[in-house]
Amino acid sequence: MNPRDAGLALEGLGKRFGETESVSDVTLRVGRGELMALLGSSGAGKSTILRCIAGHLEPDSGEIWIGGELMDQAPPENRNVGMVFQSYALFPHLSLRRNVAFGPERRGASRGKAADLADEMLARVGLLELADRYPREISGGEQQRVAVARALAIRPEVLLLDEPLSSLDQTLRRELRSLLRGLQRSFEATTVWVTHDQEEALTVADRVAVLNQGRLQQVGTPLELHTRPANTFVASFVGKMNLLPAVPEKGKPDTFRLPGGPALRAERDAVPAAAAARSDGGAGEVLVAMRPEVVQIGHPPAAPGFNRIGATVRRISFLGDRLEIELELTGGTRLLARGNTLFESLAREGDDVRLYWPVADTRILIP
Amino acid sequence: MDRSRRRVAGLLLLPALLVVAVLAAAPIGLLFRVALYPPGPVAPLAGGPELDSFAGLLSAPYPSVALRTLRLSLLTTVLVTLLGFPVALFLSRSRGLSRRIQTLLIVSPLLMSVVVRAYGWMLILGRQGFVGETLAALSLPRAGLLHTETAVLLALTESFLPFMILALAASLDRIDPDLLAAARGLGASSTRTFLAVVVPLTLPGFLAGASFVLVGSLSAYAIPALLGGAAARTFVMEIYELVTISFDWPTAAAASLVLLLFASVLLGGAALLSRRRSARSFGT
């Protein structure tokens, strides 16, 4: 994707505060109308990136393209970026209608026309009957919806959502998540949704960009992140991942041996070049990775294509709709298996069991 | 709150109510009583009751003095607001040691008696003072601002500025910076953001500061007496002279009550404005 064709493009964005590098060399292109989740823990640089896009912070390096135009010198009011703040930032001295009408008015709409537009937007988030209220007089969930209506009322090229659901309770969060997704689709707004909640990111986004310590770790669809994490950070941040230290087998770039244990295989395209290279020189550890969901207990089917290993059951916990079993390999490495309640009939705590999982679900990561 | 708790609360308020009744309501009642005696120089405080003392306030010089007093009070408030706002803005954007030093500098004049400060202004504004000497040095006709209404206004503004700055800064501090970012993002220029968001949100601080400045300047004595003198007499100066020079206590009492009325109207107006504008948006 060319930065001119993208709804939003960041090219080598960098920002430091004093000695700390908050964001370094972030290149990210969001397609027009696409919803990109920006996922990372607090301090990862997510908010810094948002503020650079909106124009409230000036990046030290890199370019920002909005709707095909280079915008990094433009003041915030000329960028046509709608932002929903974590604190909502509704104007306390204005009614909800005047809050939503604020943007259109500043962009030249007459007061009457802006008010009509505001009513239309409030109706779309289901709050028309509260139009004359003030922000203090409504609930947090309602404030959040007003903030979204206000941001979309300017028909923004890019919509930025800064942890939009973080201060709401679980039920409300689900409800607003789908409302937001629906609005985003119907306005076809190129959207960046900042969150630290991986479940939120995976359910809501077209693609997810994982950020750690100011650096982009991986950009991909939720499924790609889940099945083909690029590194150990993404693997353990997005869901749970078993990571077994292993050594490449000499001359066999797709085979890895656990210390004192069996050899495990992965498909060639699941082995990063760096790991494959180690099979020539021998030394150097890699990690054999697989999701707990793919690990089965018992004897594998006769067909080839499975990795197998023996382990001791340490703990069985009930997760509601499935079981999680903590296992220990000889040598002390722990791993998790998750599956349906059938597992219970197969294993008791303290049992020695056989495990297997498909070679196709095995990935090799560099520690 | 149920009824018994309400009663306890009422009982707890009783001591405070008594203090107010004795220290405020009773003297005001006494003022009324004195005002109803027949007025005149060295009034004997006998006879009546009659309203002649109030009627006397309608004739010269009182109406023009009242007008000047109100004018000074309102102009002082306008000036401290205009001068104080940029300082408050600067103050509220500073942090840490710099902020503490600024605050100290702003309140430091208050450590000095207002009389001393008024004498300071006399030195500056007088014919032989800084203003006069500067004019003379430039071979312009030597003139001073002393004993003019402008001199009083200048000194009142100087003396009330710290209160307005602190009141406005307190309001500015409470403005969430995200609100400004939001306004900019929605298309408001920085000037427009200032006018449409910052100014309205400092209303509570402005009203608190304005109430203080309005009433304070209305009842100021030392500054008008020392800097205005006969040329710019204020209501409080009139009252002082009625009491200590002409011994016309009934007229002095009536004038005091009128001054009290002015203050109440100004404060009431400010309170009404703050309730109407801010109850819904800022909470009470």
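Conditions tested, residue by residue: (1) under 29 Å from B:I106 (Cα atoms); (2) within 21 Å of the chain's Cα centre (by Cα); (3) modelled with pLDDT of 90 or more; (4) more than 14 Å from every other protein chain (Cβ to nearest Cβ).
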position	(1), (2), (3), (4)
B:I175	yes, no, yes, no
B:A182	no, no, yes, no
B:G205	yes, yes, yes, no
B:P224	yes, yes, yes, yes
B:A232	yes, yes, no, yes
B:L261	no, yes, yes, yes
B:S274	yes, yes, no, no
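Would you confirm whether any residue within region A:188-205 is in contact with a Lys or Arg (Cβ under 7 Å, 6 or more places away or on another chain) and within 19 Å of A:A101 (Cα to Cα)? No; the residues of region A:188-205 include none that is in contact with a Lys or Arg (Cβ under 7 Å, 6 or more places away or on another chain) and within 19 Å of A:A101 (Cα to Cα).
Tell me the strands (runs of 3 or more DSSP E) entirely within region A:1-45 that contain at least 2 residues that are farther than 18 Å from A:E58 by Cα and either among the basic types (K, R) or open to solvent by less than 10 Å² (accessible area, probe 1.4 Å) (or both).
Because the criterion is at least 2 residues that are farther than 18 Å from A:E58 by Cα and either among the basic types (K, R) or open to solvent by less than 10 Å² (accessible area, probe 1.4 Å) (or both), the strands (runs of 3 or more DSSP E) in region A:1-45 that meet it are A:20-30, A:35-39.
Scan region B:132-149 for residues that are over 26 Å from B:V65 (Cβ atoms) and open to solvent by 40 Å² or more (accessible area, probe 1.4 Å) and the total you get is 9.
Cβ-Cβ distances below 8 Å connect the following pairs, each with a first residue in region B:196-212 that is within 16 Å of B:V78 (Cβ to Cβ), a second residue that is among the β-branched types (V, I, T) and buried (at least 19 other Cβ atoms within 10 Å of the Cβ), and a separation of six or more residues or different chains: B:F206/B:T81; B:G209/B:V80; B:G209/B:T81; B:A210/B:T77; B:A210/B:T81. Checking B:F247, B:F212 one by one, the residue that is at positive phi, surrounded by fewer than 20 Cβ atoms within 10 Å (Cβ to Cβ) and either more than 14 Å from chain A (Cβ to nearest Cβ) or in a helix (DSSP H, G or I) (or both) is B:F247 and no other.
Take B:V42 and tell me if it is of a type outside the set (S, T, Y), touching a residue at least 12 places away in the same chain (Cβ under 8 Å), touching a Phe, Trp or Tyr at 6+ places or on another chain (Cβ under 9 Å) and assigned to a loop (DSSP other than H, G, I, E, B).
On the way: of a type outside the set (S, T, Y): yes; touching a residue at least 12 places away in the same chain (Cβ under 8 Å): yes; touching a Phe, Trp or Tyr at 6+ places or on another chain (Cβ under 9 Å): yes; assigned to a loop (DSSP other than H, G, I, E, B): yes.
Answer is yes for this residue.
So that you can scan it fast, the table gives a plain yes or no per residue for (1) under 20 Å from A:T27 (Cα atoms); (2) in contact (Cβ under 8 Å) with a residue 24 or more places away in the chain; (3) of a type outside the set (F, W, Y):
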| position | (1), (2), (3) |
| --- | --- |
| A:E188 | no, yes, yes |
| A:V192 | yes, yes, yes |
| A:E199 | no, no, yes |
| A:V210 | yes, yes, yes |
| A:H226 | no, yes, yes |
| A:V238 | no, yes, yes |
| A:K252 | no, yes, yes |
| A:R257 | no, no, yes |
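Would you check if B:V19 is under 31 Å from the mean Cα position of the chain (by Cα) and at pLDDT 85 or above? Against the criterion (under 31 Å from the mean Cα position of the chain (by Cα) and at pLDDT 85 or above), B:V19 qualifies. Check B:V152, B:V116 and return the single one that is open to solvent by less than 60 Å² (accessible area, probe 1.4 Å), closer than 27 Å to B:A222 by Cβ and modelled with pLDDT of 90 or more. Checking each option against the conditions leaves just B:V152. Flag: A:S139 matches the condition of being more than 10 Å from chain B (Cβ to nearest Cβ), without any contact (Cβ under 8 Å) to a residue 60 or more places away in the chain and either of a type outside the set (S, T, N, Q) or over 26 Å from A:G45 (Cα atoms) (or both).
Residues that are closer than 14 Å to B:A183 by Cα and among the β-branched types (V, I, T) were ranked within region A:45-98; the one that is farthest from the other protein chains (Cβ to nearest Cβ) is A:V84.
Screening B:P224 on (1) closer than 30 Å to A:V148 by Cα; (2) open to solvent by less than 10 Å² (accessible area, probe 1.4 Å) shows it passes everything except condition (1). Taking region B:186-197 as the range and being part of a helix (DSSP H, G or I), facing chain A (nearest Cβ under 7 Å) and open to solvent by 10 Å² or more (accessible area, probe 1.4 Å) as the test, only B:R192 passes.
The values are calculated or read from the model by the stated rules, or taken from the named source; none is laboratory data. Bear in mind the structure is a predicted one, so any value in this text is a computation, not a measurement. For neighbour counting, all protein chains shown are included, and Cβ atoms are generated from backbone atoms with ideal geometry for every residue, glycine included. Areas reflect the complete protein model, heavy atoms only, side chains present, ligands, DNA and RNA absent. Shrake-Rupley method; radii C 1.70, N 1.55, O 1.52, S 1.80 Å.
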